[in-house]
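Structure record follows, encoded as structure tokens.
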Amino acid sequence: MAMFDEARPLREIFNFTQEQFAHDSVLFDLYKTTVDQNILYLVIPKKCLRYDVSRVGSLMAALVAWAAIELLQPDLMINMGTAGGFQSKGAKIGDVYLADKATYHDREFHPIRDAFKKYSVGDYPVCFDEKWVTALALKKGIVSSGNRMLLIDADAKQMEKNQAVAKDMEAAAIAEVTELKNIPIIILKSITDLVDIKQSSHEQFDQNFHLAVEQLIKKAQGLILLLGK
């Protein structure tokens, strides 16, 4: 999870305890618990000490995902967190989406060459099961990642091409790493803001963050228990 405030309720529900590294990790804090005899690790990027903020975004997400996989050698990864949604596609604040694909919308490495255009978007595979959607009353669709909270025209057009239902900052970067490492990934995102209405995304985020996290943790708890069976 990208932000400590997103992860706090999950830590409390599953009684995660912080793990101590043999050496100080500059990348992430690590927590551990056991559920149904399965070991769960919770990985959260360390805050930026210079600016005292969570290290959100694709760069830190990729670095942390790679380092965590190297250290823990997991059987499965779950990226969960908050995201923007589209009122025009039926999203409401607090809706939780299970991704069936992960893409980028803010990369353009070459505007003409077809291979680079496809690589820019990404189109990374994720673990998806309709049974989870039904059992947990989730919504589903493509999660698209970029490093801007506010929506600009170029990103909006690319997300439309991507057929995205949710907009975040980390999912595709983590999915790109898990594909390289050949590890399955589940992506779960809760909607804090509607990017296609007049009110700004950052104002909505501040207003709706706690509600979105509450809904996310409810669904995450159900998903973890389902996976443990």
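Throughout, read-outs are computed from the coordinates displayed, never taken from laboratory work. Every value quoted in this text rests on a predicted model; they were computed, and no experiment measured them. When we count neighbours, we look across all protein chains shown, and the Cβ atoms used for this are built from the backbone with ideal geometry, even at glycine.
Calculated [222 nm] ellipticity per residue, helices only, for the chain: -12000 deg cm²/dmol; basis is -39500 (n - 2.57) per DSSP H run with n ≥ 4, divided by all residues, nearest 500.
Derived scalar couplings between HN and Hα for segment 201-216 equal 4, 5, 5, 5, 4, 5, 6, 10, 4, 5, 5, 5, 5, 4, 5, 4 Hz in order, rounded to whole Hz, by the Karplus curve 6.51 cos²θ - 1.76 cosθ + 1.60 (θ = phi - 60°), x for Gly and Pro.
Principal semi-axes of the equivalent ellipsoid, √(5λ) from the alpha carbon gyration tensor of the chain, are 26, 20, 18 Å from largest down. DSSP finds beta bridges in the chain, and of those with both partners inside it, around 45 percent are antiparallel.
Please grab the % of Cα pairs in segment 6-98 that end up more than 21 Å from each other. Every Cα pair in segment 6-98 considered, those over 21 Å come to 42 percent.
The alpha-carbon of K131 sits under 18 angstrom from the alpha-carbons of these aspartates and glutamates, leaving out residues fewer than 8 places away in its chain: D95, D100.
log10 I(q)/I(0), Debye, Cα-only segment 142-199, no solvent, q = 0.19, 0.27, 0.30 Å⁻¹? So the normalised log intensities are -0.72, -1.22, -1.37. Note on C48/T134: beta-carbon distance plugged into 1/(1 + (r/R0)^6) with R0 of 45 Å gives a FRET efficiency of 0.70.
Loop-located chymotrypsin sites (Phe, Trp or Tyr not before Pro) in segment 1-109 (DSSP state not H, G, I, E or B) with no more than 13 neighbouring Cβ atoms inside 10 Å: F21, Y51, F109. For I39, I224, the sequence from fewest to most other C-beta atoms within 10 Å is I39, I224. Loop-located trypsin sites (Lys or Arg not before Pro) across segment 89-130 with a Cβ neighbour count of 11 or fewer within 10 Å are K92, R113, with loop assigned by DSSP.
Just rank S201, S145, S58, S88, fewest to most, by other beta-carbon atoms within 10 angstrom.
With the fewest neighbours first, S201, S145, S58, S88 line up as S88, S201, S58, S145.
Between the alpha-carbon centres of segment 157-229 and segment 122-136 there is a gap of 13 Å.
In plain terms, the C-alpha convex hull of segment 157-229 casts an average shadow of 6.4 nm² when viewed from every direction.
The simple spin-label model puts a point 7 Å past each Cα toward its Cβ; for Q20 and Q221 those points are separated by 3.1 nm.
Size of segment 1-60 from its Cα atoms: along the principal axes, largest to smallest, the extents are 39, 26, 18 Å. Along the chain, the exposed loop sites are GluC sites (Glu not before Pro) outside DSSP states H, G, I, E and B with at most 15 other Cβ atoms within 10 Å, and the longest stretch free of them is 109-229. Checking every one of the trypsin sites (Lys or Arg not before Pro) in segment 163-216 against DSSP loop status and a limit of 10 other Cβ atoms within 10 Å picks out K198.
Contact order, relative form, for the chain: 26 percent (alpha carbon pairs under 8 Å, 6 or more residues apart, mean separation divided by residue count). Working note: Cα gyration tensor of segment 98-200, eigenvalues times five, square-rooted, sorted largest first, giving semi-axes of 22, 19, 11 Å.
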